[in-house]
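Working notes for the structure below.
What follows is calculated from the coordinates using simple rules that are stated; it is not laboratory data. These numbers come from a predicted model, not from an experiment. No Cβ is skipped: glycine too gets one built from the backbone with ideal geometry, and neighbour counts run over all protein chains shown.
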Amino acid sequence: MSTHMKNKVSSKPLYRRVLLKISGEALMGDRAYGQDPKTIERICRDIKSAVDIGVELCLVVGGGNIFRGIEGANSGMERASADYMGMLATVLNALAIQNNLERIGLDTRVLSAINMMQICEPYVRRRAMRHMERGRVVIFAAGTGNPFFTTDTAAALRANEMGCDLLMKGTQVDGVYSADPRKDKKAEHLKTLSYHEVLVRDLKVMDQSAISLARENKIPIMVFSLHSKDAIAQAICGKGKFTVITDKGK
């Protein structure tokens, strides 16, 4: 590891294999729609910082910056068709992230839950595991491949299938609060929570099926902000501000 890299993130990672969920909205930057190249490049450099300290990393990316299935359904579109359109949006984002990661020297593979052989590999669990064992960053696209399931659920599912030690969700805020911190200045930052608390209090961390899946398989969920430099590597090393959701909670 270079001296420059040691200065950036000097601690030892607390987790060996991690799945990072990136929302489509996180790729917009200050734009109202689509992809912001500078934002994607910054996130990819943060991903490289995590890989450089020895973390095996895989990603699930959303598509809300391009198309949200639930919004299409709300406007009168048939729900299954709208969800498939949302899955295609995640592939566009996955390819953009792959391109940026490879430009900065990381070996990557995009695996899609919907077959599109000319663009990326089909998702096969053993193939994905082998890619990770060889040090590649694996990007899972097209959600679960099924309508009516969110990319949050896909993230929890793939984290289980890959044997991940941690499921990270990069958001616009640095953890879970008792209320919306953008609206309530007295909102309390919650450093730890239990899966049960999240479900009972209906906290909008991830959808309930994703929380339940993580709970059943005892995979901790870390909620943190993607906006700080080296936020991914710092959080994996236990530094910075974030919320961890486990079976124990507080």
Per q in 0.11, 0.12, 0.17, 0.28 Å⁻¹, report the Debye log10 I(q)/I(0) for segment 99-171, using one uniform scatterer on each alpha carbon and no solvent. -0.28, -0.33, -0.68, -1.42
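For segment 105-216, compute Rg over Rh where Rg is the Cα radius of gyration and Rh is the Kirkwood radius from the inverse mean 1/r over Cα pairs. Numbers along the way, then the final one.
Working: Rg = 16.6 Å, Rh = 15.9 Å.
Dividing the radius of gyration by the Kirkwood radius yields 1.04.
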Rg to Rh for segment 28-161: what is it, with Cα atoms only and Rh by Kirkwood? 0.97
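Restricting to DSSP H runs of at least four residues, report the calculated mean residue ellipticity at 222 nm for the chain, -39500 (n - 2.57) per run over all residues, nearest 500 deg cm²/dmol. Mind dumping the intermediate values first?
Working: 9 runs with 94 residues, N = 250.
The helix contribution divided over the chain gives -11000 deg cm²/dmol.
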Please name which of L199, T39, P13 has its Cα lying farthest along the dipole of segment 11-246 towards the positive end, using unit charges on Cβ (Lys, Arg +1; Asp, Glu -1) and the Cα centre as origin. P13
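Which percent, to the nearest 5, of DSSP beta bridges fully inside the chain are antiparallel?
Details: 6 of 35 bridges.
Here the antiparallel bridges make up roughly 15 percent for the chain.
I need the calculated FRET efficiency for the pair S209 and R79, taking r as the beta carbon distance and R₀ as 22 Å, to the nearest 0.05. Walk me through the intermediate numbers first.
Values: r = 16 Å, r/R0 = 0.73.
Efficiency at R0 = 22 Å is approximately 0.85.
For S178 and R45 in one chain, what is 0.36 nm times their gap in residues minus the Cα-Cα distance, to one decimal in nm?
Details: separation 133, 0.36 × 133 = 47.88 nm, distance 3.13 nm.
Answer, rounded to one decimal: 44.7 nm.
Can you give me the Rg/Rh ratio for the chain, using Cα atoms for both radii and the Kirkwood formula for Rh?
The Rg/Rh ratio comes out at 0.94.
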Sketch the reach of a paramagnetic label on D107 as a point 7 Å from Cα along Cα-to-Cβ, and name the residues of segment 27-57 whose backbone nitrogen lies under 20 Å away. 45, 47-57
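Multiply the residue gap between N115 and D30 by 0.36 nm, knock off their C-alpha separation, and tell me the result in nm, one decimal place. The partial results should precede the final answer.
Working: separation 85, 0.36 × 85 = 30.60 nm, distance 3.24 nm.
Net length gain for the segment: 27.4 nm.
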Determine the distance separating the Cα centre of segment 53-74 from the Cα centre of segment 186-249; give it in Å without decimals. 17 Å
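Among 76-82, 44-50, how do they line up by average Cβ neighbours within 10 Å per residue, starting with the highest?
Details: 76-82: 13.1, 44-50: 21.1.
Taking the mean over residues of other Cβ atoms within 10 Å, the ranking is 44-50, 76-82.
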Rounded to the nearest 0.05, what FRET efficiency do K12 and K218 give with R0 = 25 Å and r taken as the Cβ-Cβ distance? Could you check? 0.65
With θ taken as phi - 60° and the coefficients 6.51, -1.76 and 1.60, list the Karplus ³J(HN,Hα) couplings across segment 110-126 in order, rounded to whole Hz; mark glycine and proline as x. 9, 10, 9, 6, 10, 5, 8, 4, 6, 10, 7, 6, x, 6, 9, 4, 5
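Of the listed peptides 65-74, 193-202, what is their order by residue-averaged count of other C-beta atoms within 10 Å, with the highest listed first?
Working: 65-74: 18.3, 193-202: 15.7.
The peptides rank, most packed first, as 65-74, 193-202.
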Alpha-carbon centroids, segment 21-46 and segment 141-183: separation in whole Å: 16 Å
